[in-house]
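Have a look at the structure below before the remarks.
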Amino acid sequence: MNGSQSGVIALAGLTAVVVVAIDQLTKVLARNAVSGGGSEELFGGFVKIVDVRNSGVAFGQLSGGGPLVVVVVALAVGALLWYFLSHLETPHIWLATGLVVGGAAGNIIDRARAGAVSDFIKLPHWPAFNFADAAITVGVIAIVVLAELDARRKRKLEQPSAP
């Protein structure tokens, strides 16, 4: 592994640590803001701070799945890490990977500590979510976009030059 690859891995790790820190801090602040099961309205009621426990994965899928949830999360993170380590040369892949890994770690911390993930951001007509969920969503979208851009870049490099 060369220095450039080590740097990419370090940036992904740092990003993940920052995401976990922000996630855990916002969850504590949200729980303190709505202790007792209430809710706090922000932005004219468009956003609510609530206290929801999610024992499943995204948007409550596999709720109550227990060990199955752990297996699904472990497989997803493992696949992501494999992809990341085999695509270290892809520009900005460290950021997208750090977002997803940090988000997953933040939610795993909740599962280990409380048996469920603490969700607290509630938008109209949308399930409650948290900072980790937002980081995972943005990270996954970024990985898809970066993979497509990288594939296009590689195809362009492989095309013969016009005379």
Odd one out for PHE59 among (1) out of contact with any Ser or Thr (no Cβ under 9 Å at 6 or more places or on another chain); (2) in a helix (DSSP H, G or I); (3) at pLDDT 70 or above: (3)
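Quick grid of which residues meet (1) at pLDDT 90 or above; (2) more than 8 Å from the chain's Cα centre (by Cα); (3) not aromatic (Phe, Trp, Tyr):
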position: LEU99; (1), (2), (3): yes, no, yes
position: GLY102; (1), (2), (3): yes, no, yes
position: ARG111; (1), (2), (3): no, yes, yes
position: SER118; (1), (2), (3): yes, yes, yes
position: ALA134; (1), (2), (3): yes, no, yes
position: VAL138; (1), (2), (3): yes, no, yes
position: VAL145; (1), (2), (3): yes, yes, yes
position: GLU148; (1), (2), (3): yes, yes, yes
Where a residue in the range 70-89 is without any contact (Cβ under 8 Å) to a residue 40 or more places away in the chain and at negative phi and its partner, wherever it lies, is in a helix (DSSP H, G or I) and of a type outside the set (Val, Ile, Thr), with Cβ under 7 Å and at least six apart: VAL73/ALA104; VAL77/ALA104
All positions within the range 22-41 that are surrounded by 13 or more Cβ atoms within 10 Å (Cβ to Cβ) and either in contact with a Leu (Cβ under 7 Å, 6 or more places away or on another chain) or under 22 Å from GLY103 (Cβ atoms) (or both): ILE22, ASP23, GLN24, THR26, LYS27, ALA30, ARG31, ALA33, VAL34
Sole residue being surrounded by 18 or more Cβ atoms within 10 Å (Cβ to Cβ) and over 13 Å from LYS27 (Cα atoms), chosen from GLY139, GLY103: GLY139
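Can you tell me how many residues within the range 1-48 are part of a helix (DSSP H, G or I) and either under 15 Å from the mean Cα position of the chain (by Cα) or within 28 Å of ARG113 (Cα to Cα) (or both)?
So the count comes out to 25.
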Any hit, the range 122-135, residues being in a helix (DSSP H, G or I), polar (S, T, N, Q) and within 26 Å of LEU11 (Cβ to Cβ): no
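The values are calculated or read from the model by the stated rules, or taken from the named source; none is laboratory data. If you're wondering where the values come from, they're calculated on a predicted model, not measured in any experiment. Positions of Cβ are backbone-derived with ideal geometry, glycine not excepted, and every protein chain shown enters the neighbour counts.
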